[in-house]
Structure formats: structure tokens, C-alpha cells
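Remarks on the structure that follows.
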Amino acid sequence: MLLCLLCGSAAGTLALATGASAQEAFKSPAEAASALVEAARGSDAKRLRAILGGAGRDVLSSGDAVADASDRRRFLEAYDSRHTVSEKADTATLLVGPDEFPFPIPIMRSGGGWKFDVEAGRKEIIARRIGRNELATIQASLAFFDAQQEYAAKDRTGQGAGIYAQRIISRANARDGLYWDSAAGEERSPLGELAAEAAAEGYRAGETRSPFHGYYYKVLKRQGPAAPGGAIDYVAGGRMIGGFALLAYPAEYGRSGVMSFMLNHAGTVYQKDLGPGTGRIAARMQSFNPDKGWEKVASEKQ
């Protein structure tokens, strides 16, 4: 469970300032936990700033508003189902849910009261968030692979079968992408099932770019010399018939993810840490070219 408490319906507006600020102390760990939960339940940014102090934005926001809101909702549901506070000497831990899952930010005795030690929980919070996002991205990449196979099995645009989609989301009134809106009784688009699952989480398909589980996705229309088979342009005569590829990269490097992922029509997923410049590097990438540093990821397609 990933706990990004400050991201509600308007994720950016609830992020804490990174500068130092006074942090509220409580009479007991239970009082501290209760105050945090009630502030999160009401999306009270001012109250949360007082409770957590100058916490870093990277801890409290992943850059994906939908995922953050979902994390917050799951945390509150777990808390409401069961919660307790385990106290040992000068440290206490909030346990939530039937399995008593430990909230990663400990409550520490400080002077004459108790405070949340956000710095102590920083590494764990980010690691949990990144781990789940990366696993979700691998699965989404494999869903893209399946969707391209399904798309090419039929004539989607009047140009015949055997053509892969050059877009993930179709343009208005077209079926030139892997997803399009389907009316009742109409055939669902190849990414329709994934889109339905995403919609249930709060994601919405559209032209405006937004991350999905902390990652952006980009269709690659050619492959480079390091790819099996060498350099190939997948597009000929405006039709993508030579293959397909996908790049997935973190929306916020180090906050929503670390690894970037690629796969092509062979179905093998590769991963690489592109570093702090991930966004800039990904923007320049036009080819599937798993050269030095790209490693194969074990997946069900291999």
C-alpha cells in the first residue's frame, strides 16, 4: 500500500512546502494519528502542514494525481476497517487494516510531545510507491503488446488488416489508436479492458497528457541497430506494418519511478535507469534501441 496522504482531487494544491515550518506536537501517539487521519479525510492542506511540518514534496506527491488520490482512499479504508498504535519506548507506529499494516512514517517522542518523523519514513514511502508503479508499468506495457496484436488482426481504418496503431488513443471519430470510445453493443477497442480498469481507478482517456500509475507512454515507430534484426523503420507509406514498440518512463524521476521500460513486437520488456535527465532523454528517443545498459525484464511474454 502506497500512502500519499496529501493528494486528493487536486493533487498539486495539497503538496506541502519544502521549506521549514513549525510542526505540531501531540500529547500521545494516538492523538497524533487521529489528527493526521482526520486532516487527510478532509483534504485539509493547512492542517496537514501543521501536523507534518516541512515535509518534502517528493514524499507526499508522486506527480500522478489519480494514483495519489487512490492511495489516500485505500489508506483511509484500511484505517476505518481497523487501526491501532504500537508504542515502544520513544517510538510509535500506526497500524492499519486487518493485517495491521505499518504506516511508514513513525511517531517519535520530541521534547514534551509526539511528532511524525517524516524524514524517517521518506525512503520507505518512495520505495513502496516506485515498486508498485514499476510493476504496473510492466503489466501495462504487456497489455499494449496484446492490444497491438488485436488491432492488427482486423481492418480498422479501411487500409486493410496487418497494420499496427501509431497512437494509443484514437483521434475523434476515428479508430486509428488502440483505444476509442465504444457505444453499447459496439466492439470494444483493443485497450478497452485496461481503459475500463483505469476508469474505475479515476483515470480518464483524453488528448491531454497525464501519467498512468506514475508513468508516461510513447509509441516508437522504428528500431535502432541494437534491436534484434537491426535498424528498421516500422512505417511504410504511412502505415505501420513493420512492427511496433513502446517506451514508458517515470513522470517524476525518483518520485513516481526510477526505471524506464521498452518493448517491441517481439514482446520482450527491457528496463534501464536513465537517471535524473529521464524526461529529457525520453523526449528525444524515437527508436526502440536496447543498447548497453538496457536489461531484459522477466515477464509472461518471454
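If you scan the stretch 31-52, which residues turn out to be closer than 16 Å to SER110 by Cβ and of a type outside the set (Asp, Glu)?
Within the stretch 31-52, ALA32, ALA33, ALA35, LEU36, ALA50, ILE51, LEU52 qualify.
Against the conditions (1) out of contact with any strand residue (DSSP E or B) (no Cβ under 8 Å at 6 or more places or on another chain); (2) in a helix (DSSP H, G or I); (3) of a type in the set (Val, Ile, Thr), where does THR137 fall short? Just the number, please.
(1)
Quick check on the stretch 86-127: of everything there that is modelled with pLDDT of 90 or more and of a type in the set (D, E, K, R), which residue is nearest to SER61 (Cα to Cα)?
ASP117
For residues that are modelled with pLDDT of 90 or more, more than 14 Å from the chain's Cα centre (by Cα) and not charged (D, E, K, R), scanning just the stretch 197-221, find the one that is farthest from VAL66 (Cα to Cα).
LEU220
What is the residue count in the stretch 130-177 for residues that are surrounded by fewer than 19 Cβ atoms within 10 Å (Cβ to Cβ), among the polar types (S, T, N, Q) and either under 26 Å from the mean Cα position of the chain (by Cα) or not assigned by TED's automatic domain parsing to the domain that holds ALA198 (or both)?
Here the count works out to 3.
Six or more apart or on different chains, Cβ atoms under 6 Å: show the pairs whose first residue is in the stretch 134-149 and under 15 Å from GLY243 (Cβ atoms) and among the hydrophobic types (A, V, I, L, M, F, W, C) and whose second is assigned to a helix (DSSP H, G or I) and at pLDDT 95 or above.
Partner pairs satisfying both residue conditions: none exist.
Within the stretch 237-264, which residues are surrounded by fewer than 19 Cβ atoms within 10 Å (Cβ to Cβ) and not charged (D, E, K, R)?
The answer is GLY237, GLY238, ILE241, GLY242, GLY254.
I want to confirm something. Restricting to the stretch 215-230 and keeping residues that are in contact (Cβ under 8 Å) with a residue 40 or more places away in the chain and not in a strand (DSSP E or B), which single residue is farthest from GLU295 (Cα to Cα)?
If we take residues in the stretch 215-230 being in contact (Cβ under 8 Å) with a residue 40 or more places away in the chain and not in a strand (DSSP E or B), then LYS221 is farthest from GLU295 (Cα to Cα).
Hey, can you tell me all the residues within the stretch 254-293 that are modelled with pLDDT of 95 or more, in a loop (DSSP other than H, G, I, E, B) and within 21 Å of ALA127 (Cα to Cα)?
Scanning the stretch 254-293 gives VAL258, LEU274, GLY275, PRO276, GLY277.
Of the residues that sit in the stretch 272-293 and are in contact (Cβ under 8 Å) with a residue 60 or more places away in the chain and buried (at least 16 other Cβ atoms within 10 Å of the Cβ), which one is nearest to the chain's Cα centre (by Cα)?
In this case the residue turns out to be ALA282.
So, of the residues in the stretch 178-193 that are under 19 Å from ASN264 (Cα atoms) and outside any strand (DSSP E or B), which turns out to be nearest to the chain's Cα centre (by Cα)? Let's see the steps before the verdict.
Going through the stretch 178-193, the residues under 19 Å from ASN264 (Cα atoms) turn out to be 178-179, 190-191.
Filter once more, keeping what is outside any strand (DSSP E or B): 190-191.
Values: PRO190: 21, LEU191: 18 Å.
Residue satisfying both the conditions and the ranking: LEU191.
Quickly run through the stretch 194-205 and pick out the residues that are free of Cβ contacts under 8 Å to residues at least 40 places away in the same chain and of a type in the set (D, E, K, R). Don't jump to the end; show me each part of the working.
So the first thing to find is which residues in the stretch 194-205 are free of Cβ contacts under 8 Å to residues at least 40 places away in the same chain, and the list is 195-200, 204-205.
Residues satisfying the conditions are GLU197, ARG204.
The values are calculated or read from the model by the stated rules, or taken from the named source; none is laboratory data. In this text the structure is predicted, and so the values were computed from the model without any measurement. Because the Cβ atoms are built from the backbone with ideal geometry, glycine has one as well, and the counts that use them run over all protein chains shown.
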